[in-house]
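Chemist: I have a structure here, written as C-alpha cells, and I will follow up with some questions on it.
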Amino acid sequence: MKSLRIGTRGSALARWQAEFVRGALARHGVAAELVIIRTSGDRDRQSSLRVIGGKGVFTKELEDALLEERIDLAVHSMKDMPTSLPAGLEISAICPREDVRDALISRDALKLDELPSGARIGTSSLRRQTQLRHYRGDFEMVDMRGNVDTRLAKLAQGDYDAIVLAKAGLDRLGRAEQISEILPPEICLPAAGQGAMGIETRRREDEFFAAVRQLNHRPSQLAVEAERAVLVGLEGGCQVPIGVWARMEADSLRIDARVLSADGKESIRESRTGSSGNAIELGRTVAAALLDRGADRLLRLAGRGVEHG
C-alpha cells in the first residue's frame, strides 16, 4: 500500500489530531504523510462564524481535496462537521472519544460562581453563551475567534475576564493546567461530536478502507451518530443553541439534550435511554420529543438551521 495523504488544517490542535491518526495507522503498518490545507475559516479569523458561512468554513476545502483525490483522508473535530456530507464522502472511523466537557479559564483562576457580575466571557459558540446566560444572566457574553493560543493570549491581555474552550482540545495541547473549572453537563451540555475525532474518506472498499476502519471505536461512533441524529431531527447546527451528549451506560445508550432561547432565559431538556443498536433512531426520538415540547419555537427565534463550527 502506498503512503496515504492525510489532509488537515494547520492549527496546532488540528496537527495534533492528524499526527494521532498517522501514528495509529503506523501501528497497523500503514505509512502516511500530512498535507496542510488552509480553510476559509482559517483565512478569516475576525468575522463572526455566523456571518462567513457556518460549519462548512472548517471542512469545505478538505472535502474538496478528498473529492479531487489530492488527499486520501481528512481528520476533523466532529463538532465542526456539518450534519450532511458531500456525495461520495463518508465518515469511515471515529477515534476513541476524549472528555466531552467545556472548560472555563479565567484570568484570576476564578470559578464560574466566583466571577463578578458583568464579567466578560469570551466564546464564539451560541450554545455556550445561552447555557451560561441561563445559569447566570449577569454575564456579558463576547464573540471570540482564533485558535487556542490566540484565545489564551487575548485572555491574558485582558480582553476577557474568562473564556470557555473544549477540555479535550486543552488536554491534547498540554494546556489542562490552565483550566479554572470544568463545567458540568448540568450547566453546559457539549456540542454534538465534541471530544471526538473523525476520519473522512471517499466511499471505497479496498485495503485502504480496511486500514482506516481499524481505527474506529464503536462506542464513540454510536454516541456521535446519536448526537448528530438529534441535530438532524432539530434541523440545527452548532450556531443554534443546542447541547447534546450521548454515552454508553452499562449496555444502554443514554442521550441528554437541551435547546435554549437565544437570550438563555428559556430551556427545554430531554433525556432518553435506549438500545445502542438503535443509536440514530434514539437520537431522532429525542429530537421529536424536544420539538413536541416547543423547541421549534426557540430554534426559529435563534435563527434555525444556521451552522458553523
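Chemist: Which lysines have a Cα less than 22 Å from the Cα of Lys167, not counting those fewer than 8 places away in the same chain?
Modeler: Output for Lys167: Lys55, Lys79, Lys111, Lys154.
Chemist: Then there is this: With charges only on Cβ, +1 for K and R and -1 for D and E, what is the dipole size of the stretch 201-293 about its Cα centre, in debye, rounded to 20?
Modeler: Working: 14 positive and 14 negative charges, 17 e Å.
With only Lys, Arg, Asp and Glu charged at Cβ, the dipole is about 80 debye.
Chemist: Additional query: What does the charge dipole of the chain about its Cα centre add up to, to the nearest 20 debye, if the Cβ of each Lys and Arg holds +1 and the Cβ of each Asp and Glu holds -1?
Modeler: On the way: 46 positive and 45 negative charges, 44 e Å.
Charge dipole, the chain, about its Cα centre: 220 debye, nearest 20.
Chemist: In the chain, if the dipole is taken from +1 on Lys/Arg beta carbons and -1 on Asp/Glu beta carbons about the Cα centre, which of Thr201, Leu66, His76 is farthest to the positive end?
Modeler: The residue sitting farthest along the positive end of the dipole is Leu66.
Chemist: Please identify every one of the trypsin sites (Lys or Arg not before Pro) in the stretch 159-221 that sits in a loop by DSSP and has no more than 15 other beta carbons within 10 Å of its own beta carbon.
Modeler: Details: sites: Lys167, Arg172, Arg175, Arg202, Arg203, Arg204, Arg213; in loops: Arg175, Arg203, Arg204.
The qualifying sites are Arg203, Arg204.
Chemist: To the nearest 500 deg cm²/dmol, what mean residue ellipticity at 222 nm is calculated for the chain from DSSP H runs of n ≥ 4 alone, each contributing -39,500 (n - 2.57), summed and divided by the residues? Each step should come with its number before you reach the end.
Modeler: On the way: 11 runs with 103 residues, N = 309.
Only helices count here, giving -9500 deg cm²/dmol.
Chemist: Using protein chains only and a probe of 1.4 angstrom, how many square angstrom of Ile268 are accessible, to the nearest 10?
Modeler: In the full protein context, Ile268 sits at about 20 Å².
Chemist: Oh, and also: For the stretch 143-209, what is the charge dipole size about the Cα centre, in debye to the nearest 20, if Lys and Arg each add +1 at the Cβ and Asp and Glu each add -1 at the Cβ?
Modeler: Values: 9 positive and 12 negative charges, 37 e Å.
In total the dipole reaches around 180 debye.
Chemist: What percentage of all Cα-Cα pairs in the stretch 122-250 are separated by more than 24 Å?
Modeler: Numbers: 3321 of 8256 pairs.
When every Cα pair of the stretch 122-250 is considered, 40 percent fall beyond 24 Å.
Chemist: Work out Dmax and Rg for the stretch 197-243 from the C-alpha atoms and quote the Rg first, both in angstrom.
Modeler: Calculated on Cα positions, Rg and Dmax stand at 13.8, 41 Å.
Chemist: If you don't mind, there's one more thing I want to ask. Can you find, among Ser220, Val240, Ala31, the residue farthest towards the positive end of the dipole of the chain? Put +1 on the C-beta of Lys and Arg, -1 on that of Asp and Glu.
Modeler: Val240
Chemist: Can you give me the C-alpha center-to-center distance between the stretch 178-210 and the stretch 138-167, rounded to a whole angstrom?
Modeler: Measuring centre to centre over Cα atoms gives 22 Å.
Chemist: With the cut-off at 19 Å, report for the stretch 255-306 the share of all Cα pairs above it, as a whole percent. Numbers along the way, then the final one.
Modeler: Values: 383 of 1326 pairs.
The share of Cα pairs beyond 19 Å in the stretch 255-306 comes to 29 percent.
Chemist: Of all beta bridges DSSP finds with both residues in the chain, what is the antiparallel percent, to the nearest 5?
Modeler: Working: 35 of 47 bridges.
Here the share of antiparallel DSSP bridges comes out near 75 percent.
Chemist: Express in % the proportion of alpha carbon pairs of the stretch 63-164 at distances exceeding 15 Å.
Modeler: Values: 3572 of 5151 pairs.
Roughly 69 percent, rounded to a whole number.
Chemist: Could you sort 136-147, 119-130, 223-234, 8-19 so that the peptide with the highest average Cβ count within 10 Å comes first and the rest follow in order?
Modeler: Working: 136-147: 15.7, 119-130: 23.4, 223-234: 25.2, 8-19: 19.8.
In decreasing order of mean packing, 136-147, 119-130, 223-234, 8-19 become 223-234, 119-130, 8-19, 136-147.
The values are calculated or read from the model by the stated rules, or taken from the named source; none is laboratory data. Model, not experiment: these values are computed from the prediction. Positions of Cβ are backbone-derived with ideal geometry, glycine not excepted, and every protein chain shown enters the neighbour counts. Accessible surface is based on the protein model in full, side chains and every heavy atom, while ligands, DNA and RNA are left aside. Shrake-Rupley method; radii C 1.70, N 1.55, O 1.52, S 1.80 Å.
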